[in-house]
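For reference, the structure is listed below as structure tokens.
The values are calculated or read from the model by the stated rules, or taken from the named source; none is laboratory data. All of these numbers come straight from a predicted model, not from anything done at the bench. Glycine gets a Cβ as well: all are built from the backbone with ideal geometry, and neighbour counts include every protein chain shown. Only protein heavy atoms, including side chains, enter the accessible area calculation; ligands, DNA and RNA are left aside. Shrake-Rupley method; radii C 1.70, N 1.55, O 1.52, S 1.80 Å.
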Amino acid sequence: MPGISLRAATAHDLPAINAIYNHYVIHSTATYQEEPATAPEREAWYAAHGTEYPVILAERMGEVIGWGSLSRFHARAAYRPTVENSVYVRHDHLARGVGQLLLTDLIARARELGYHSIIAGISADQEPSVRLHAKLGFTQVGLLREVGRKFDRWLDVMYMQKML
Ligand SMILES: CC(C)(COP(=O)(O)OP(=O)(O)OC[C@H]1O[C@@H](n2cnc3c(N)ncnc32)[C@H](O)[C@@H]1OP(=O)(O)O)[C@@H](O)C(=O)NCCC(=O)NCCS
């Protein structure tokens with residue numbers, strides 16, 4: 001899709017980021033969160049990011065149509081070389097290349113920041129996400145069976161990893 005640009009998110013973008021995310025909270029197993037994220041929660045999340053853990057977004061004609069982030073994989077210090085990624089595309093802009101643009105940019109940023117690998121924890125029923133990550137070089141390193149339950153269904157979590 002032409003006319004898409006990527007940039008670092010700012011605090012002004014948090015309502016748009018939350019709106020994109022909360023659609024999936026309500027309608028999808030893409031996230032195991034069950035209650036929409038509030039504005040203060042999103043502000044705290046953003047404050048915990050910063051230059052080491054970028055938050056980026058895709059824009060088209062002045063509208064935010066997707067976002068992605070790198071986060072700490074684990075709070076313990078020795079996990080520092082490892083990050084976890086998130087990518088969410090606005091539900092009315094799916095399958096137009098936005099997710100691939102965002103994840104490609106996150107991989108480049110993770111390399112520049114000196115991380116050693118990226119982990120994606122993906123609900124195994126989310127085929128678009130599994131396929132996107134596989135396309136960009138992530139491979140399955142683990143499958144946790146029936147660790148989630150949403151919409152009255154047991155859900156497996158697939159861990160995919162890309163060495164950088
Ligand atoms: C997963 C997600 C980010 C993909 O973004 P997208 O912009 O729709 O995907 P793209 O158009 O960039 O497609 C890139 C690749 O993803 C895969 N893909 C995307 N949509 C797909 C679909 N409906 N079915 C199967 N594979 C799909 C394909 O491999 C595709 O490459 P191809 O076009 O050469 O086949 C998007 O579906 C999304 O936001 N899902 C909900 C949130 C989520 O699951 N996020 C991931 C959690 S980390």
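Within the stretch 103-110, identify whether any single residue is surrounded by fewer than 20 Cβ atoms within 10 Å (Cβ to Cβ), of a type in the set (Asp, Glu), closer than 24 Å to Ala16 by Cβ and in contact (Cβ under 8 Å) with a residue 40 or more places away in the chain, and answer yes or no. Looking through the stretch 103-110, at least one residue is surrounded by fewer than 20 Cβ atoms within 10 Å (Cβ to Cβ), of a type in the set (Asp, Glu), closer than 24 Å to Ala16 by Cβ and in contact (Cβ under 8 Å) with a residue 40 or more places away in the chain. Within the stretch 5-36, the set of residues being in a loop (DSSP other than H, G, I, E, B) and either under 18 Å from Tyr53 (Cβ atoms) or open to solvent by less than 30 Å² (accessible area, probe 1.4 Å) (or both) comprises Ala9, Thr10, Ser28, Thr29, Thr31. Ser71: among the small types (Gly, Ala, Ser), within 15 Å of the ligand (Cβ to nearest atom), surrounded by fewer than 18 Cβ atoms within 10 Å (Cβ to Cβ) and in a strand (DSSP E or B), yes or no? The answer is yes for Ser71. Give the residues of the stretch 110-135 that are in contact with a Phe, Trp or Tyr (Cβ under 9 Å, 6 or more places away or on another chain) and within 19 Å of Ala58 (Cβ to Cβ), sorted by residue number. Of everything in the stretch 110-135, those that are in contact with a Phe, Trp or Tyr (Cβ under 9 Å, 6 or more places away or on another chain) and within 19 Å of Ala58 (Cβ to Cβ) turn out to be Ile118, Ala120, Leu132. When each of Ala120, Ala134, Ala110, Ala95 is tested for being within 15 Å of the ligand (Cβ to nearest atom) and at positive phi, the lone residue that passes is Ala95.
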